[in-house]
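Input: a single structure, listed below in structure tokens.
Throughout, read-outs are computed from the coordinates displayed, never taken from laboratory work. Every value quoted in this text rests on a predicted model; they were computed, and no experiment measured them. Here Cβ is always computed from backbone atoms with ideal geometry, including for glycine, and neighbour counts include all displayed protein chains.
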Amino acid sequence: MSFASSTTRKRPTQADVARLAGVSQAIVSYVLNNRHAEVAEETRLRVLAAIDELGYVPHRAARSLRTSRTMTIASIIADIANPFYPALERGVQRLAEARGYDLLVSNTDGVFEKEERALRGLLRGHADGAVMVPFFKHRELIRGVVESGVSISLVSTPDPELMEIGVDFVRVDTERGARLAVDYLVRQGHTRIGVIAGIAGTPPSDDRVLGYRKALAAHDLPADDLLIRRGDFQEAGGYAAMKELLTVEPLPTAVFSVNDLMAFGALIALRERGLRVPDDIAIVGFDDIPAARIVHPPLTTVTQFTEELGQLAAEFLLSRLAGDAPAEGRRLDHRVELIVRSSA
């Protein structure tokens, strides 16, 4: 998994926050611990702005300041408009409600700064813990959140340093899922296979493109860089990437898209060109979102059993909040499976 690297600068202190906000350290402490009655709203907002600007994370000692539970958990996701994430949220919510917790959803649009802001929100007592599907690495910030007494369960590749402090991980081997998709296409007789990749530097793109390359190599097929085109994980990005692939000669006979939304855009581009799927070009997606069953033709895709995935991540989090988890973080490798339909 490819991540943005963490900053190595000196960690800002509560005194730094106080200086920037023009208040005493006591006021900063009141804000951090939700003692709203003792702080004017204008002052509270000024302190929060300073915390955001500095990237302040409380010291381990702040754990002892958390004396009550909100009975709320957060879910931090990259794109609430992508049907993959609501399915995951359904799994999280089902378990949270069964255990008496409310669910607060934070959408980051896959933007580094928005992910950081969502994590810092946990420092303000917004929730007792969080399930997060990160696009980037925030090791030091996550460490600070956990040290402040907030539990975190990540749907991500395990990080040994974070596991040491009790962060739990559910890992989906999406590289293997991509290999399953491309291996299937090769066994169907395709030797010239394009890929619609996502944004470089993000796990849904990098891991799945790596799986694509490994599958081709396993069959002694070359990976032609001309057949690798990028989109933005949205339908429009898939449409544009497919239009680019249609300028390559000779044309690919099959295309693997790293998510279903871009595969839908590819289907539209092929339909406009008058090409038939799968007779002229086969299409395989990834995620198995609900619409994959009803597009024309129904989409062959890789499923991550998304609702189950959310439930497993929530189970890790809620068991830790209940005191039923080991001190060190746990990891679980979740399954993937190729679902064959009419598009390939």
remark   = The set of residues whose placed amide H lies less than 5 Å from the amide H of VAL23, leaving out same-chain residues fewer than 5 positions away, is none
ask   = Using the Cβ atoms and a cut-off under 14 Å, what net charge is assigned to the surroundings of SER156, where Lys and Arg are +1 and Asp and Glu are -1?
value = -4
query = How high is the FRET efficiency from ALA291 to HIS219, r the C-beta distance, R0 30 Å, rounded to 0.05?
reply = 0.45
note = Interchain or sequence-distant (5+) residues whose placed amide H lies within less than 5 Å of the amide H of ASP109 are ASP79, ILE80
From phi via Karplus (6.51, -1.76, 1.60), per-residue ³J(HN,Hα) for the range 154-162 in Hz, x at Gly/Pro = 10, 8, 5, 5, x, 10, x, 5, 6
ask   = Roughly speaking, what is the stretch gain from MET71 to ASP280, that is 0.36 nm per residue apart minus the C-alpha to C-alpha distance, in nm to one decimal?
value = 69.8 nm
ask   = Dipole of the chain, Cα-centred, from +1 at each Lys and Arg C-beta and -1 at each Asp and Glu C-beta, to the nearest 20 debye?
value = 540
task = Would you kindly compute the Cα radius of gyration of the range 174-303 and its largest Cα-Cα separation (Dmax), both in Å?
result = 12.7, 35
remark   = As a Kirkwood estimate from alpha-carbon pairs, the chain has a hydrodynamic radius in angstrom of 21.5
request  = Just order 235-244, 131-140 by mean Cβ neighbour count inside 10 Å, highest at the front, would you?
outcome  = 131-140, 235-244
message = Suppose the chain between ILE80 and ILE339 were pulled fully straight at 0.36 nm per residue; how much longer would it get relative to their current alpha carbon spacing?
response = 90.9 nm
